[in-house]
1. Rounded if a/c is under 1.5, else prolate if a/b beats b/c, else oblate: with a ≥ b ≥ c from the C-alpha gyration tensor eigenvalues square-rooted, which is the range 31-107?
2. Give me the net charge for the shell around Ala62: Cβ to Cβ below 12 angstrom, other residues only, Lys and Arg +1, Asp and Glu -1.
3. So if we plug the beta-carbon distance of Glu68 and Arg46 into 1/(1 + (r/R0)^6) with R0 = 30 Å, what FRET efficiency do we get, rounded to 0.05?
4. Give me the net charge of Arg80's neighbourhood, meaning all other residues with Cβ under 13 Å from the Cβ of Arg80; Lys, Arg count +1, Asp, Glu -1.
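Bear in mind that the values in this text are calculations on the coordinates, not laboratory data. Since the model is a prediction, treat every value here as computed from it, not as a measurement. All Cβ positions, even for glycine, are placed from backbone atoms using ideal geometry, and neighbour counts span all protein chains on display.
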Amino acid sequence: MKAGQKLLREAAAQPDNPFYHAQLANAPKQEHPFYYDAFWNLHTERQVGMAQGPIPDSAIKAYAADPELQLTNRERWAFRDIIRAMDNTYLNITAETAKTSTKAGKKGR
């Protein structure tokens, strides 16, 4: 596992930890920061219950429809697909991390 992937996994496991926010802020710049910034802005729209849910499509569509972005219909669809792929990856990493920490907690009993 690459160092960047490990950092993202740890940050996903502890989203409120300021250490990881600082680490991610000082990480090398993304080639497409627009999507990265949009993902983290939309991240706050997800419903939280027993586990985190996906970012609602309505929030993604509303973000893409912002007149300031001036996206074409094709760009809006691409935006939705990219954000959805990022969100699925985030949710998979979060679920995997939760499973691992649950197993570790049971071993300690």
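1. It comes out prolate by the Cα gyration axes.
2. Within the 12 Å Cβ shell, the charges total 0.
3. Numbers: r = 23 Å, r/R0 = 0.77.
For Glu68 and Arg46, the calculated efficiency is 0.85.
4. Numbers: positive: Lys61, Arg74, Arg76, Arg84; negative: Asp57, Glu75, Asp81, Asp87.
Summing Lys/Arg as +1 and Asp/Glu as -1 gives 0.
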